[in-house]
Structure formats: structure tokens, C-alpha cells
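All of the numbers you see were taken from the coordinates with simple rules; none came from a lab. Since we're looking at a predicted model, the values are computed, not measured. Here the Cβ is made from the backbone with ideal geometry for all residues, glycine too, and neighbour counts use every protein chain on show.
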Amino acid sequence: MQVYRTCTCPHLGSRFMPSSKLLLSLNFTNHFITPSNLPTPKFPSSIAATMSTTVSTQNDTTAQKTHHPVQVAKRLEKFKTTIFTQISTLAVKHGAINLGQGFPNFDGPEFVKEAAIQAIRDGKNQYARGYGVPDLNIAIAERFKKDTGLDVDPEKEVTVTSGCTEAIAATMLGLINPGDGVILFAPFYDSYEATLSMAGAKVKSITLRPPDFAVPIEELRSTISKNTRAILLNTPHNPTGKMFTREELNTIASLCIENDVLVFTDEVYDKLAFDMEHISLASLPGMFERTVTMNSLGKTFSLTGWKIGWAIAPPHLTWGVRQAHAFLTFATSNANQWAAAVALRAPDSYFVDLKRDYLAKRAILVEGLNAVGFKVFPSSGTYFVVVDHTPFGHENDVAFCEYLIKEVGVAAIPTSVFYLNPEEGKNLVRFTFCKDEETLRAAVERMKEKLRK
Ligand SMILES: Cc1ncc(COP(=O)(O)O)c(C=O)c1O
């Protein structure tokens, strides 16, 4: 059974399209029509609706309405609309200052934007080479050498992807078999669990607990088994701002070598390492050959919308990553890749200034949150800080965030979504400081004024 819509959207042209492709495009749902000769839709009970879209005829006076349950493959059934979209939507609705989703409210550097404009003018507008524009692969290898001391082959060990999100997906889909065990540290960035689910992995999580979110080494040791294929870690860590210490990384490295386990490291906040040195796990002895290092341009250059990312790995692991990447996106934006190469060759002063600016922002937010009465946990890196909201007496993090948006006018992210067991995050919420100082001050003022214990 297919439902067809007459497309009146100027971008799509006037043609019939199967509804399944458009069900998620909520703006269009009112235009769906059901040809009268098609039978009533039947859906397997396993995907019976908890949500549904309303399909109406074009003739509103007859108002024949059919409810169509949303459809999703089993591998993604348990995942909801991402929390970032939900919070941002609610923030807009209530005019809240958005300290939830981690996107800067200021623009990326002129020299990088100019490079992209120039690349477009120079005709870099057709498909790029699948695993990256050669000059960007070289720039990534140069940057990695500067940061870690490791020499990598830009042709054989660097794969350019559509943001780190795609590097994560390509790594999971290219290197994990159904049934393989993968260990995560909770709280974890939400795409990890979803892409591991798509890969059919068996996910185990080890919880990092406040106040310092240290790795419980004995628990990690006892969780690793013969079935463990990989450990996925993120340093500096979203949402806590924790940075993995050299000692923790050394222990993880020796456990991985001992048990022949791969490591996937997400280092998108590596240039936002404030209170200690960022260490790439790949740079520890014996680790490069078993590590995929993932990163992107978005956070370092305040260009989250560009979605230029990469995965660095030895050739035998790069093979799997590239096989998945070839069929996920094949290649990413050509012109933006040329500009990304310019960005990565930025002078050291760029990175120094970036940190200085973020340190000032962090100070405003952290001081403000303390003054408001939160218990604030130390954030050594990233542009996030996690607090305990329980002094304010709300049932859990979701209830608190809803109250904060609707009654106080500030948006934060409930952290329970970052755990396999949401209960573990129910006392914590995450604020971001990737906003201009005026916005951060205004958010703090609102909380000082309206947040009551
Ligand atoms: C830990 C982590 N990894 C990956 C990403 C996604 O990176 P990109 O925007 O480059 O896809 C984010 C974005 O917020 C993140 O916080």
C-alpha cells in the first residue's frame, strides 16, 4: 500500500511521491492524498503506532482522515527524535535562551568562509574524491602529526566524512559485525548507541559518575570479554567535560592490547582542552594499529553546519571504514573540503585565541550556575558543563528542563538520554557555553531572577 501526495512544494516539483519518504517531513503531511482505489493500509503490529500522522484528502469539506502510524525499522525502533531537536523546538516555542544544543551562536572565521567561497568560484562543485580531496587528506595528516607526533599516510590512513557523525557511522558499520560486543562510557553522545544498533552490536556501558567522572577501571576490566570487539570513547567528553587522564588511557590501552580489542576515539573537542593536555589514544605505544581516531571541523572552527569530518586509522581498519563510507555518502562537500584544508593550516594563534575566548565564556557560565545554586561539576574540556539540578526539587532531569524552558526561559539538555539506563542521569543536566558572552549573561540573569529552590 502506498499513499501518494500531490507535491506543491517548489523545491520538489509537481509529482507524486510515496509517502514513506515524506512521513517525517511534517510540513507536508496535510497534503497527502489516498487514491480511492487503494486499500486501507495495514501495518505489522510490531510497528503499531505510538505516534501517527494524519492523512487527509485534498478536499477538506469531505474531511476523510486516515491515521498512518509512523514506520521505522526494528533496528531504530527504540530511538526517539533526538533530544537536541526536541529541546531546540521547545526553546523556540517558549522564547528560551538555548544553552542546550551545542552549536555556536556566532559565525566561523572569515578566512575559512572566504576559502569556501573561492573554492566554489574555482569550480570545486562536482563530486569530490570519495575518501577526501587530496589536499584535505594532507592537511589532516599534517595536523595529526603536529598534535600527536604520529606520521600518517594521507592516502591510506585518512578518510574524509560528512562530519564526525558519519565517521562514527562508517566506523561502526564498516568494522562491527552483528553480535560483536562494544563497550561505551555513559553518559555517551547519542549517535553511538543508534549507529551500534544499526550495526547489530551488543552494547555494554560503563558509567562515569560525578564528581570527577573517573573511569572505574576494575569494572572495565571485568566487562571486557572474548566477545568484546571495541571500546568507544570520547575525550574531551560530551556531556561532562571530563578529559581522560594519561593514567586512564594507559590502562585502557593495555587492556585493549591484552584482549585484542579495537578502540574508536571521538576527539571532536580536542582543541577545547582547557585544564589538561588532550591525549589521542592512538599516540600511546602499540595503539595506533588498533585505533580509529575520529574528528571534525565543526567545534574547532564554529562551523557545525559544514559537516566535514574524518577518520584516521591504519590501512587495515581504514579499509572497513571506507567500505561503509563509500555507500553511506560516497563523498562530502567538495568546496567545503578545500576550505577545511585552509582551516586546519590556521596559525597557532587561532587555536590560542579560541581557547582564550572559550575560557572566558566558561567562567561566565560556571560562576553564574554556582551563584544560582546548582552543584556544578568541573568541566576540563568541551563547551559543556554538567550540574546537579536536585537543589531545585524537580522529579528528574526531564521535568527540570521542561520547567527551565517554560518558566525560566533557558534551555538545557537532560542527561538521562545519554545513558543505557536513564535513571543514572536523572539528577544531571548539561548546559553549553558556546554562545556569545551577552547571551550567557542573559541566561544567568534569568536563572538568578526566576529559579527558586
Ligand atoms: C561527542 C560528539 N561527537 C560527534 C559529534 C558530531 O560531530 P559532527 O557535527 O562533526 O558530525 C558531536 C556533536 O555535537 C559530539 O558532541
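Per-residue extension of 0.36 nm, minus the Cα-Cα distance of residue 114 and residue 360, leaves a gain of 85.8 nm for this segment. For region 198-224 versus region 413-453, the inter-centroid distance based on Cα atoms is 24 Å.
Here the Karplus relation 6.51 cos²θ - 1.76 cosθ + 1.60, evaluated at θ = phi - 60°, turns the backbone of region 213-230 into coupling constants of 6, 6, 6, x, 4, 5, 5, 5, 4, 7, 7, 5, 9, 4, 7, 6, 8, 7 Hz, with x for every Gly and Pro. Computed from backbone phi with θ = phi - 60° and the Karplus coefficients 6.51, -1.76 and 1.60, the 3J(HN,Hα) list for region 281-295 is 4, 4, 7, 7, x, x, 9, 4, 5, 10, 10, 10, 9, 10, 7 Hz; x is used for glycine and proline.
Geometric descriptor of region 239-382, per residue, is 143 Å³ (volume of the convex hull of the Cα atoms). The calculated FRET efficiency for the pair residue 259 and residue 420, based on their C-beta separation and a Förster distance of 25 Å, comes to about 0.70. Values of log10 I(q)/I(0) for region 186-267 across q = 0.12, 0.14, 0.18, 0.26 Å⁻¹ run -0.33, -0.45, -0.78, -1.62, by the Debye formula with one identical scatterer at each alpha carbon and no solvent. Computed as a quarter of the hull surface, the mean projected area of the alpha carbon convex hull for region 110-346 stands at 11.9 nm². The spacing between region 343-410 and region 82-104, judged by their C-alpha centroids, is 14 Å. Once Rg and the Kirkwood radius are both taken over the C-alpha atoms of region 223-304, their ratio Rg/Rh works out to 0.99.
Once the chain from residue 450 to residue 150 is taken as fully extended at 0.36 nm per residue, the excess over their C-alpha distance is 102.9 nm. In the calculated pair-distance distribution of the chain, the portion above 34 angstrom amounts to 39 percent of the Cα-Cα pairs.
Shown in residue order for region 373-386 are the 3J(HN,Hα) couplings computed by the Karplus curve 6.51 cos²θ - 1.76 cosθ + 1.60 at θ = phi - 60°: x, 6, 8, 9, 8, x, 10, 8, x, 6, 10, 10, 9, 10 Hz (x for Gly and Pro).
Kindly work out what percent of the DSSP beta bridges joining two residues of region 110-346 are antiparallel, to the nearest 5. Counting DSSP beta bridges with both partners in region 110-346, the antiparallel share is about 35 percent. Once the chain from residue 107 to residue 85 is taken as fully extended at 0.36 nm per residue, the excess over their C-alpha distance is 5.9 nm.
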